Amino acid sequence: MSKQEHSKKVYIKVWIWLLAITIAGFIVSPLGLPGWLHNLFIVIIALMKGGLIVAYFMHLKFERLSLIYSILLPLILIVALAVALLYEGTTRFL
Amino acid sequence: MKTSGRLDGLLFVLFFVIGVVVCIWYLVGHDPGFLPLASEHGGFIDSLFMATLIITGIVFILTHLLLVYFAFRYKGSGNGDKAFWYPDNKKLEIIWTVIPAVIIISLIVVGQVGWGKIFHTEPPDDAFVVEIVGEQFVWNIRYPGEDGEFGRTIPELISRANPIGLDPTDPASEDDIMLLNELRIPLDYPVLLKIRSKDVIHSVFLPNFRVKMDAVPGMTTTFSFTPTMEGEFDLVCAELCGLGHYRMRGYVVVQPMDELEEWLIEQREME
Amino acid sequence: MSSEQASLHVDIEHHKESFISKYIFSYDHKMIGKQYMITALIWALIGMGLSWVMRIQLAYPGQQIPIFETLLGRYAEGGILAPEYYIAMMTMHGTIMVFFVLTAGLVGTFGNFLIPLQIGARDMAFPLINMLSYWTFFLASVVMLLSFFVESGPAAAGWTAYPPLSALSSAIPGSGAGQSLWLLSIALFIVSSLFGSLNYIVTVLNLRTKGMTLGRMPLTVWAVFIAAILGLLAFPVLLAGAIMLLLDKHLATSFFIPAGLYVGDALLSYEGGSPILWQHIFWFFGHPEVYIVALPALGICSEVIATCARKPLFGYKAMIASLLAIAFLSFIVWGHHMFVSGMNPFLGSVFVLTTILIAVPSAVKVFNWLTTLWRGKIHYTPGMLFAMGLVSLFITGGLTGIFLGNAPIDIQLHDTYFVVAHFHFVMGAAALFGIFAGIYHWFPKMYGRMMSNMWGRIHFWLTFVGIYLIFFPMHFMGTTGVPRRYYAFTEFEYTMQYGGMNEFITIATLITGAAQVIFLVNFFGSMFFGKKAETNPWKAATLEWTTDDPMPGHGNWKGEIPTVYRGPHEYSTPDGKEDFILQTDSTGFGKMDKE
Amino acid sequence: MNHDAVLEQKKIMESEWGGGKAPFGVSWRKYMMWIFIVSDAFTFGAFLAAYGLFRVTSAGWPDTYEVFTAFPFIGVEAPMLFVAMMTFILICSSFTMALAVSASYKNDRTKALKFLGLTILGGSIFILCQVYEWYHIIHDGATMTSNPWGVPLFSATFFMITGFHGLHVLSGLILLTITALKVKRGFYERRGSYEGVEIVGLYWHFVDLVWVFVFTFFYLL
């Protein structure tokens, strides 16, 4: 474990970023953007936040590539379930 | 290690031969067991079934022939003499990956063409519409009547006398015809089943018509098909729905359109 | 010794052995594996008993069978099994067999017993969690057993527990307390399986001995490893579903229950849920579950075939690749259980494609097994017989899957006896044969004694023929359209024609079931009176046979863990002296490992 | 035996995946936490996927900006402000957790303990906030089966998902407390490795991560 991965400076930077994009998420709502754009924006912000936490706080970014893949790739499967359910919900139900 | 296997090898061969003979004897006597076909799309399903049966039958016999032959032929003596060392052959493996893939993909393609015809084609506007509402353990059948429209149903109105909760204030409900367990449909004419359920999941299964669709509470599922044979057939429940699942019986009567229309008028008058 | 292994070794050395710590709350992976095995065998007897009850009812509907009343009490008053309890028996048969016999009996038994032995580890990575895994499973068993004794009877909505039937006690009595206990038991089982999976995956990745690359692991370890990954990812989804169903049942939420239901002369006050959602969630778990059961059986089969045919497993890499392909595909095929469930037909098309593609890796496996047998020197041990039987059953069950996976044919075959035949071949019987093959093959290592060869062979032939006699005729019933989960076939003329066949199947079931007594006697008898085993009775090449005794103590190897120099299935190699070379054989490598 | 085999064996013995080593470069304890997190993510994923289906199929899903308006002590309606604050607190606790891990790797026991304490504090405040929020919307009339803003599934999924997440926070707090006590007693120092702190940290960050998605999908969308 090298010292760099756990440097305080990086954590503070990430923390500030997290706060900044969380606030950005709030500001966008009253702007009255079209629904899909608003949703897209919100989801991108969530992914960015998640990415920051996973990459720096959980320092996955500094782990071996094989570990990164073994953690992230399986998540595709649960996303597939969500996509199938949303598709099913919007096209067929009730 | 004493594991003589002459007998086991022989038994494998014997079992395979007897099994195949019995199977073929049975198949010749009974087809694969299909009930008489009574719908248009059913022909496609049956022939796809038969095609798959032939393909898989060949694969079954070939692989089992190899299995029992090897079992019979390559018996070890147990005194440590070596077998033929053969760990790998890329070419062979690619061949037997590609061949099944091609066969299988062609089956999928053919299947999807049929699937598209059954489910992705909209039924014609003048299709004969019947509603089937599953209930523990009967089928409520409803015809829209002369106006061609089903009356509104409201769950709060359901009672013994009004099994599906028909709303009497809706003008469309006046000429609706309600029947129990008796589904009459016209010969050679597209039929659209609108399937609902009052309580748990049922499944409308018409084995002669190769029709099956779940009756799911809270939503309306549909199945459209064209009957091609006159007569009386079974309406079966194919999804576990409770203790009476096995006796949730209905009848399907297929008759020419003009007879059916007369019968509908009679029913209307009787109500 | 690596640092990882060393810290584990310290833990083991400090672990004192009393009766309780050795046989009950044991940390030793071998004892935990045996505990799983014995528990699964007991469950198998219960599950089999339930299938006898069902078969007798189906063959002789409406007839008084006095023994039913003696055994089942109020569920069969006057010797006639009531329909609601027939369904309950069927539900419990499915649940018990899928979860408690096949999953626990294969992954639990062989995962625990074989992984550390075959990869060269002292024990699992987390012996404590391993112990907890078994005892959570035991608790799940107790809860499931309790549900037989509640007032309204055990769960009765099928092992798939489709709501609304499973959620509403007014729809069927079993959906009261019985179903709640069922859900609780399954939730416990999920926790147990999670503990197990974490252990298996981490152990396989981090605790392999020196030289044991992934490409040198025996196929059993590969298969259990992949099954553990499937369990890790599939079970939590069922947990989410089970929690939602419990909330529906006890807090009257309506996740799975739509508005306007009218059950038992009363309008229910649920609003807005979707029964199809449960089906999606259940089968997202349910299909991988099939492979959690099947893959270890296929792995065991591969290994036993290679060992007993005295040949290297043909296409070792392709076998692993096909396991991986099957595992991946199994997550994206769940919709094939729902072609006619009201699911969007377009989704149906997608699922047809992914489903039938599974046939390709499966075919590769079969061809590779056959080529392994080709020009082999087959030793007919009972384990080998069961492995070869598995190949046959896997072919039969796999081929019928091609019918069911093609959506248009499934319209006719869905929920008929064709399905029953299909999954009993490919998942039920094939996996069971995997268990038998594994037990016969590794019994000498488990108990230091040999099982009787002759009785093993008799057991095999009765079981193998019996399975075909029971399940093959069901295909014909299925094409005719005889629906499954029927209490009796007396209500329809076209189902009545199979009266004779049903009687035949029932008799076959009774005989095949009775034949399992041979196994039990052989198993328990050999445990105490069997011939003492050698360290390596089958002359196998894998690591577990290099332990100092036939029955290694906790820690597995007395001295250092051996280093591995070669692949797992080196049989009949041209340059070897004997017809097998142990993985640890360092002939020709000089003093490499002493560095 | 040919030369190639000897060479290959040599390569294997030196390689990361050759056995006897940790191929991912992490110990088995840490890797176990990682895959546990993946598994747990699937549970949450299933809940959220189900929620998504309810959301798109139910007509008239309530507007969260009208539901979550309460804020203690200020007496005016402040849509989403409270939950924004909760998010802020949880992110901060994640931040202090990262600092605790960092300090523990520098063998700075007092600092590690301090940051762990701050993390526990943040987590506890988050739980209290959640209690307040639950109390408030229950007070407004929301139950598992009905709520004043429309679709009952809204409150049912809300209680289910935030409840399940809350359970994770609670168990995280218990784990953190145990870890803090171990740090205090010098358990990790004696062991020579502070990895335990890092592993608990992973779990805590995951709880935060889940909240990010719950917050996004449930409150913001």
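Quick one: C:TYR60 ticks every box in (1) touching a residue at least 60 places away in the same chain (Cβ under 8 Å); (2) within 29 Å of C:PHE524 (Cα to Cα) bar one, so which box is it?
Single failed check for C:TYR60: (2).
Do we find a residue being on the phi > 0 side of the Ramachandran plot, polar (S, T, N, Q) and not in a helix (DSSP H, G or I) anywhere in the stretch D:125-145?
Looking for residues that are on the phi > 0 side of the Ramachandran plot, polar (S, T, N, Q) and not in a helix (DSSP H, G or I), one finds none in the stretch D:125-145, hence no.
Taking the stretch D:73-102 only, how many residues are crowded, with 22+ Cβ neighbours inside 10 Å, more than 7 Å from chain A (Cβ to nearest Cβ) and among the small types (Gly, Ala, Ser)?
2
Filter the stretch C:462-487 down to residues that are among the hydrophobic types (A, V, I, L, M, F, W, C) and free of Cβ contacts under 8 Å to residues at least 60 places away in the same chain and give me whichever is nearest to C:THR512 (Cα to Cα).
C:LEU462
Checking B:GLY43 against (1) loosely packed, with under 15 Cβ neighbours inside 10 Å; (2) of a type outside the set (Phe, Trp, Tyr); (3) part of a loop (DSSP other than H, G, I, E, B), only one condition comes out false. Which one?
Among (1) loosely packed, with under 15 Cβ neighbours inside 10 Å; (2) of a type outside the set (Phe, Trp, Tyr); (3) part of a loop (DSSP other than H, G, I, E, B), B:GLY43 violates only (3).
Taking D:GLN9 and the conditions (1) over 30 Å from C:LEU238 (Cβ atoms); (2) buried (at least 20 other Cβ atoms within 10 Å of the Cβ); (3) more than 7 Å from chain C (Cβ to nearest Cβ), which numbered condition does it fall short on, given that it satisfies the others?
The failed condition is (3).
Can you find, within the stretch D:191-221, the residue that is surrounded by the fewest Cβ atoms within 10 Å (Cβ to Cβ) among those that are outside any helix (DSSP H, G or I) and of a type in the set (Gly, Ala, Ser)?
D:GLY192
Given (1) farther than 30 Å from C:GLY576 by Cβ; (2) more than 7 Å from every other protein chain (Cβ to nearest Cβ); (3) modelled with pLDDT of 90 or more, where does B:TYR69 come up short, assuming only one miss?
All conditions are met except number (1).
Of everything in the stretch C:248-265, what is in a helix (DSSP H, G or I) and buried (at least 19 other Cβ atoms within 10 Å of the Cβ)? Give them in sequence order.
Once the filter is applied, which keeps residues that are in a helix (DSSP H, G or I) and buried (at least 19 other Cβ atoms within 10 Å of the Cβ), the stretch C:248-265 yields C:ASP248, C:LYS249.
Being within 17 Å of C:LEU114 (Cβ to Cβ), in contact (Cβ under 8 Å) with a residue 60 or more places away in the chain and surrounded by fewer than 20 Cβ atoms within 10 Å (Cβ to Cβ) is the filter here, so list the residues in the stretch C:499-546 that pass it.
The one that is within 17 Å of C:LEU114 (Cβ to Cβ), in contact (Cβ under 8 Å) with a residue 60 or more places away in the chain and surrounded by fewer than 20 Cβ atoms within 10 Å (Cβ to Cβ): C:PRO537.
Among the residues in the stretch B:3-22, are any part of a loop (DSSP other than H, G, I, E, B) and surrounded by fewer than 15 Cβ atoms within 10 Å (Cβ to Cβ)?
Within the stretch B:3-22 (the criterion being part of a loop (DSSP other than H, G, I, E, B) and surrounded by fewer than 15 Cβ atoms within 10 Å (Cβ to Cβ)), the answer is yes, since at least one residue qualifies.
Please find, among B:PRO123, B:PRO163, B:PRO144, the residue that is buried (at least 17 other Cβ atoms within 10 Å of the Cβ) and either among the β-branched types (Val, Ile, Thr) or farther than 30 Å from C:TYR270 by Cα (or both).
On inspection, the qualifying residue turns out to be B:PRO123.
Is one or more of the residues making up the stretch B:40-62 farther than 22 Å from C:MET388 by Cα, more than 9 Å from chain C (Cβ to nearest Cβ), touching a residue at least 24 places away in the same chain (Cβ under 8 Å) and touching an Asp or Glu at 6+ places or on another chain (Cβ under 7 Å)?
Looking for residues that are farther than 22 Å from C:MET388 by Cα, more than 9 Å from chain C (Cβ to nearest Cβ), touching a residue at least 24 places away in the same chain (Cβ under 8 Å) and touching an Asp or Glu at 6+ places or on another chain (Cβ under 7 Å), one finds none in the stretch B:40-62, hence no.
Can you find a residue in the stretch C:123-134 that is buried (at least 19 other Cβ atoms within 10 Å of the Cβ), small (Gly, Ala, Ser) and touching a residue at least 40 places away in the same chain (Cβ under 8 Å)?
Yes: one or more hits.
Residue-by-condition table, conditions (1) under 23 Å from the mean Cα position of the chain (by Cα); (2) crowded, with 22+ Cβ neighbours inside 10 Å; (3) at the interface with chain C (Cβ under 10 Å from one of its Cβ atoms); (4) in a helix (DSSP H, G or I):
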site: B:LEU179; (1), (2), (3), (4): no, no, no, no
site: B:ARG184; (1), (2), (3), (4): yes, no, no, no
site: B:LEU193; (1), (2), (3), (4): yes, yes, no, no
site: B:VAL200; (1), (2), (3), (4): yes, yes, yes, no
site: B:VAL204; (1), (2), (3), (4): yes, yes, yes, no
site: B:PRO217; (1), (2), (3), (4): yes, yes, yes, no
site: B:GLU261; (1), (2), (3), (4): no, no, no, yes
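Quick one: which helices (runs of 4 or more DSSP H) lie wholly within chain A and hold at least 2 residues that are crowded, with 18+ Cβ neighbours inside 10 Å, touching a Ser or Thr at 6+ places or on another chain (Cβ under 8 Å) and not polar (S, T, N, Q)?
A:8-28, A:35-52
Would you check if there is a residue in the stretch C:500-508 being within 11 Å of another protein chain (Cβ to nearest Cβ) and in a helix (DSSP H, G or I)?
yes
Does C:LYS558 satisfy the criteria of being away from every other protein chain (no Cβ under 12 Å) and part of a loop (DSSP other than H, G, I, E, B)?
yes
Give C:VAL202, C:VAL191, C:VAL237, C:VAL221 a once-over and let me know the one that is in a helix (DSSP H, G or I) and away from chain D (no Cβ under 12 Å).
C:VAL221
Which one of these is touching a His at 6+ places or on another chain (Cβ under 6 Å) and either at the interface with chain B (Cβ under 9 Å from one of its Cβ atoms) or surrounded by 19 or more Cβ atoms within 10 Å (Cβ to Cβ) (or both): C:PHE471, C:PHE460, C:PHE489?
The conditions single out C:PHE471.
Mind listing whichever residues of the stretch C:246-257 are in contact (Cβ under 8 Å) with a residue 24 or more places away in the chain, among the hydrophobic types (A, V, I, L, M, F, W, C) and over 18 Å from D:ARG55 (Cα atoms)?
Result: C:LEU246, single match.
Pull up the stretch C:318-358, narrow it to residues that are assigned to a helix (DSSP H, G or I), touching a residue at least 40 places away in the same chain (Cβ under 8 Å) and small (Gly, Ala, Ser), then point me to the one that is farthest from B:THR222 (Cα to Cα).
C:ALA318
Restricting to the stretch C:392-420, count the residues that are under 27 Å from B:HIS120 (Cβ atoms) and not acidic (Asp, Glu).
Of the residues in that region, 17 qualify.
Taking D:GLU66 as the residue in question, decide whether it is modelled with pLDDT under 90, closer than 19 Å to D:THR157 by Cβ and more than 7 Å from every other protein chain (Cβ to nearest Cβ).
For D:GLU66, the condition - modelled with pLDDT under 90, closer than 19 Å to D:THR157 by Cβ and more than 7 Å from every other protein chain (Cβ to nearest Cβ) - is met.
Can you tell me how many residues in the stretch C:250-272 are in contact with a helix residue (DSSP H, G or I) (Cβ under 8 Å, 6 or more places away or on another chain), more than 7 Å from every other protein chain (Cβ to nearest Cβ) and farther than 13 Å from C:PRO164 by Cβ?
1
The values are calculated or read from the model by the stated rules, or taken from the named source; none is laboratory data. The structure presented is a predicted model; accordingly, all values stated were derived computationally and were not measured. Note that each Cβ is placed from the backbone with ideal geometry, even for glycine, and that neighbours are counted across all protein chains shown.
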